[in-house]
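This report refers to the structure that appears directly beneath it.
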Amino acid sequence: MLLLLVVTTAFSLLPGASAQFMADFDASSCPINFYGQTYSTLFVDIAGGTVNVCFDEHNGLDCFHIAHTGPQNGAVSSFMVEAGPGSEFHTALPELTGTSPCYTVLEMTTDTGVGVFAIYFRTFGQQGSIRFNLFEANLDVEVQVSGLVVDHWESVESTNHFLVSGCRHEDQLQFPDTRACDFMGSFIKCNASAYLDFAPQPNDYCVRDASLCTVSGSTVINNRGGSTSIPNHCAYDLVEELDMQMVGVFNARRRKDVMFLEYVLIDLGDAVIKLGQGGKVKVNDEYVDLGNVSEIHSGVELYKDITGVSAMLSHDTYNTKVYFDGNSAVLYTVGPGWVLKEDLAGHLNGLCVNESLTLNEAKSYLEDCEVMYSEPADESINCTTVTEHCHVMNGSDFADCHAHVDPEPYIAACIQTRCNYTDLDGVKCMFHEAYAKACSLKNHSVDGWRSNAQCPAHEIFCPDNNCLSHEFCADDINGQTACFCRALSEFKMSETVGNQSVCLDNNATLTVAGCLLEERGIDYTKLHLNDESCRGHKDMYNMVNFYFNTSNNCGAVVMVNDSKIFYKNTVMRESMATPDGIMRYDSFHLDFSCFLEQPDINGMTFKIKDNSVVQTVMSGSFEYILNMTTYLDSNHTQALDVDTEILLNQTVFVKLMTAGLDENLFSVVVDSCWATSGPSPTESPMYYLIIDGCANSEDETVRVDVNGLGPTSSFSFNMFQFYEDRFSIYLHCKIHLCLKANQICSPNCSSSKKRRRSLKPQYVNENPSLISMALTK
């Protein structure tokens, strides 16, 4: 006996009306399962010769569209009629299991009440089925799930059955008896009965869908969050497929025992693309000049912006994006996601996807690179401070990303690298940048972290230097970038300054490595032989060559010994003394001949003595503390201590800070600063850095950053030594207090003579105070 559960509801179009109508029907008494989603309302409209049957009115993404001009009226009813195993539905659709307790029917008729077709909806557990009964003509149906067309039905029989089963996960449809990986890299399976299963079998392996791999420093963080540390300067497969091999090449920089990712190679078989430092890209050893618009090379989409370069590799079923900023590479793959472990070796391999792969199995390209080195620990590194800075990634600034990208592998890699390597060459923030990039690729941007991490805006490191294979791009002593010699280069390993001198056919040649000169802040154009007209010439390998012969010996000293003639010459720097009697450059004196080994460069450095000077200054009835400290960086984070060495011409940053003053009332003004060779501020020789509150206009290296604006003043200058006394430099500064009310305390340095404004501010104390510090060799 049929039991009518819901009063039949109907709609119709008025005779002669335009064929357009919308109505909704309650199906809560017998819910409808449509591809893994259960609905209790049915939305029907007729428009333009199409009957649209949808289940999600607001989105209109789960629907089927029936091309038919006949229907004018419709009615929906629900009935409690059970259909168990052996029913016509089970016979027509063998995939169905279980029992359906009821059905809902949508009947479409003409305006005269003649039946056109009827649609029967039945739900069997998580499975859905549809039966069409045709009374006239054929049906052409387009099936749409989540806005995507998933099937197309063409019906020519009077009774037609269709399976509408599937699983929904993360708003994606998965058909029965299929496997995949979700966006978190977890295994999922839609079984034959359309139930989701999250328990992988031994052969199930997620490697593709939303797969994320990060290579930063010497650490490879694979797509499952595991880490591999690279201990040598070899090349390793990151991802290897049948038609593509992606390789990370590692090398040392300042230390032999700490490796960094130097570049990424994408080997396509018929083409090789190299993503290098400074945003440089090569295709088959030819540089590609990328603009701000992506370009296709060898089927790979290449793009460059101010942060780095990226390459997009498109396949039939997935896409892989590789991003490289010169320090870190992030690989992101989106695709079907599932392979068998037993097929892994033939289809997919590499450190990014196979955590069981050994380094020996993953090694590629380079040979004889497995040697591992050790060096004494860098005692200047405060590992406690480094660890705290690395843990910024675990803080609130990155909180929105933590559930999607685990910060712990990034923090561990950060601590491991930075506790053994100085915070230069972009290393300080490289792991934070890599984590932020990984978060953005997972569509979880993070903001505000740079301030707490003290990291500048992300830009390509070293965009203007083309360093060679034995070099790396580095921060020089003046905060610029240059090409330094790698710790594993032949020049560093052999402790030489270049190639040995060569005598052939009465010609003598000496070659000096340009990267060693740049590391010491030496301009090769200022070097010459005994004859100043004989200068060095740099070749395409960044080697500086000096040359003389017996016809033009360039001032060489000729000596006769045991009937042999020796030609001895010297590479030296041109005269460095200024009219003020100071020097900012190390002496350079390199003797060479055909039969003598090259000596080391005779450099000169300084160590800071009594770097931080603290004293109490009495000024009328006010008492305050004045502190003068020197730093290596403009942000005043790397303070010099008694063991810090300062190179000649290296920029030194000086900061004068006060305590015990009301900063709303007073400003500290630096009147003058000068250096002497002895401890007395009146001792000769005397060299001024600041005059009348302004930088000495005769010294281009002096820069006054802050003066008279508050309780802190700061300036910088490049290190020098007195020509007559090269062992000590004493720095003296005169300061005074300025009452800020109704006046400007900052000196006016806009005029060419850089003199303070003639209107003298009202000072708390007319007598300036003196503070001194010593810099000694």
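Do we have M312 as free of Cβ contacts under 8 Å to residues at least 24 places away in the same chain and surrounded by 15 or more Cβ atoms within 10 Å (Cβ to Cβ) here? Talk me through it step by step, then tell me what you get.
Working: free of Cβ contacts under 8 Å to residues at least 24 places away in the same chain: yes; surrounded by 15 or more Cβ atoms within 10 Å (Cβ to Cβ): yes.
When the stated conditions are applied, M312 passes them.
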task = Select from segment 628-656 the residues that are surrounded by fewer than 17 Cβ atoms within 10 Å (Cβ to Cβ) and in a strand (DSSP E or B) and list them in ascending order.
result = A639, E645
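Let's see how each residue does on (1) out of contact with any strand residue (DSSP E or B) (no Cβ under 7 Å at 6 or more places or on another chain); (2) among the β-branched types (V, I, T); (3) open to solvent by 60 Å² or more (accessible area, probe 1.4 Å):
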position: C462; (1), (2), (3): no, no, no
position: N466; (1), (2), (3): yes, no, yes
position: A482; (1), (2), (3): no, no, no
position: C485; (1), (2), (3): no, no, no
position: L488; (1), (2), (3): no, no, no
position: F491; (1), (2), (3): no, no, no
position: V497; (1), (2), (3): no, yes, no
inquiry  = Please go through segment 337-372 and give me each residue that is of a type in the set (D, E, K, R), modelled with pLDDT of 80 or more and part of a loop (DSSP other than H, G, I, E, B), ordered by number.
reply    = E355, E370
task = State all residues of segment 475-491 that are more than 24 Å from the chain's Cα centre (by Cα) and in contact (Cβ under 8 Å) with a residue 60 or more places away in the chain; if no residue qualifies, say none.
result = I477, N478, A487, L488
note = Quick count over segment 390-440, residues being open to solvent by 10 Å² or more (accessible area, probe 1.4 Å), part of a helix (DSSP H, G or I), charged (D, E, K, R) and within 30 Å of H636 (Cβ to Cβ), is 3
request  = Tell me which residues, restricted to segment 211-220, are touching a helix residue (DSSP H, G or I) at 6+ places or on another chain (Cβ under 8 Å), open to solvent by less than 10 Å² (accessible area, probe 1.4 Å) and in a strand (DSSP E or B).
outcome  = T214, S216, T219
request  = Starting from segment 681-696, take each residue that is on the phi > 0 side of the Ramachandran plot and open to solvent by less than 20 Å² (accessible area, probe 1.4 Å) and list its partners that are β-branched (V, I, T) and not in a loop (DSSP other than H, G, I, E, B), counting only C-beta distances under 9 angstrom and pairs at least six apart or across chains.
outcome  = G693/V669; G693/V670; G693/V704
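Out of all the residues in segment 261-276, is one or more among the small types (G, A, S), more than 28 Å from E490 (Cβ to Cβ) and at pLDDT 90 or above? Give the steps one after another, and end with the answer.
Going residue by residue through segment 261-276, those that are among the small types (G, A, S) are 269, 271, 276.
Those still in the list that are more than 28 Å from E490 (Cβ to Cβ) too: 269, 271.
Now drop any that are not at pLDDT 90 or above, which leaves 271.
Yes, some residue in segment 261-276 is among the small types (G, A, S), more than 28 Å from E490 (Cβ to Cβ) and at pLDDT 90 or above.
Out of the residues in segment 510-543 that are in contact (Cβ under 8 Å) with a residue 60 or more places away in the chain and outside any strand (DSSP E or B), state the one that is farthest from R253 (Cα to Cα).
Restricting attention to segment 510-543, the residues satisfying the condition of being in contact (Cβ under 8 Å) with a residue 60 or more places away in the chain are 510, 512, 516, 520-522, 527, 541-542.
Within this subset, residues satisfying the condition of being outside any strand (DSSP E or B) are 516, 520-522, 541-542.
Working: L516: 13, R520: 16, G521: 17, I522: 20, Y541: 18, N542: 17 Å.
Taking the candidates together, the pick is I522.
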request  = For segment 697-733, enumerate the residues that are among the charged types (D, E, K, R), more than 18 Å from Y631 (Cα to Cα) and open to solvent by 20 Å² or more (accessible area, probe 1.4 Å).
outcome  = E698, E700, E724, D725, R726
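Provide a single number: the residues in segment 37-53 that are of a type outside the set (D, E) and open to solvent by 30 Å² or more (accessible area, probe 1.4 Å).
Pass one, segment 37-53, residues of a type outside the set (D, E): 37-44, 46-53.
Now restrict to residues that are open to solvent by 30 Å² or more (accessible area, probe 1.4 Å): 37-41, 43, 47-48, 50.
Matching residues across segment 37-53 total 9.
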request  = Would you check if D140 is at pLDDT below 90, surrounded by fewer than 20 Cβ atoms within 10 Å (Cβ to Cβ) and not in a loop (DSSP other than H, G, I, E, B)?
outcome  = yes
task = Only residues that are of a type in the set (A, V, I, L, M), assigned to a helix (DSSP H, G or I) and more than 30 Å from N319 (Cα to Cα): list them for segment 441-472, please.
result = A453
ask   = Is it fair to say S229 is among the hydroxyl-bearing types (S, T, Y) and either closer than 30 Å to F491 by Cβ or at pLDDT 95 or above (or both)?
value = yes
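State whether the residues of segment 421-431 include one that is among the polar types (S, T, N, Q) and under 16 Å from the mean Cα position of the chain (by Cα).
Taking segment 421-431 and keeping what is among the polar types (S, T, N, Q), we get 422.
So of that shortlist, the ones also under 16 Å from the mean Cα position of the chain (by Cα) come out as none.
Within segment 421-431, not a single residue is among the polar types (S, T, N, Q) and under 16 Å from the mean Cα position of the chain (by Cα).
Could you please let me know if G16 is open to solvent by less than 40 Å² (accessible area, probe 1.4 Å) and at pLDDT below 80?
Numbers: open to solvent by less than 40 Å² (accessible area, probe 1.4 Å): no; at pLDDT below 80: yes.
No; evaluated as a whole, the condition is false for this residue.
A quick yes/no check of all residues on (1) outside any loop (DSSP other than H, G, I, E, B); (2) open to solvent by less than 40 Å² (accessible area, probe 1.4 Å):
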{"residue": "N232", "(1), (2)": "no, yes"}
{"residue": "L238", "(1), (2)": "yes, yes"}
{"residue": "K256", "(1), (2)": "no, no"}
{"residue": "Y263", "(1), (2)": "yes, no"}
{"residue": "K282", "(1), (2)": "yes, no"}
{"residue": "L290", "(1), (2)": "no, yes"}
{"residue": "E301", "(1), (2)": "yes, no"}
request  = Report, ordered by the first and then the second residue, all pairs with beta carbons closer than 6 Å, sequence separation of six or more or different chains, a first member in segment 95-108 that is in contact (Cβ under 8 Å) with a residue 40 or more places away in the chain, and a second member that is surrounded by fewer than 21 Cβ atoms within 10 Å (Cβ to Cβ) and small (G, A, S).
outcome  = T97/S193; G98/G125
task = Within segment 243-254, work out how many residues are open to solvent by 10 Å² or more (accessible area, probe 1.4 Å) and either free of Cβ contacts under 8 Å to residues at least 60 places away in the same chain or in contact with a Ser or Thr (Cβ under 6 Å, 6 or more places away or on another chain) (or both).
result = 1
message = I need the full set of residues from segment 418-450 which are farther than 18 Å from F260 by Cα, in contact with a strand residue (DSSP E or B) (Cβ under 6 Å, 6 or more places away or on another chain) and modelled with pLDDT under 90, in order please.
response = L441
ask   = How many residues are free of Cβ contacts under 8 Å to residues at least 24 places away in the same chain, in contact with a helix residue (DSSP H, G or I) (Cβ under 8 Å, 6 or more places away or on another chain) and of a type in the set (A, V, I, L, M, F, W, C) when one looks only at segment 357-416?
value = 1
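The values are calculated or read from the model by the stated rules, or taken from the named source; none is laboratory data. Please read these numbers as outputs of a predicted model, since none were measured by experiment. Positions of Cβ are backbone-derived with ideal geometry, glycine not excepted, and every protein chain shown enters the neighbour counts. These accessible areas exclude ligands, DNA and RNA; they are computed on the full protein's heavy atoms, side chains included. Shrake-Rupley method; radii C 1.70, N 1.55, O 1.52, S 1.80 Å.
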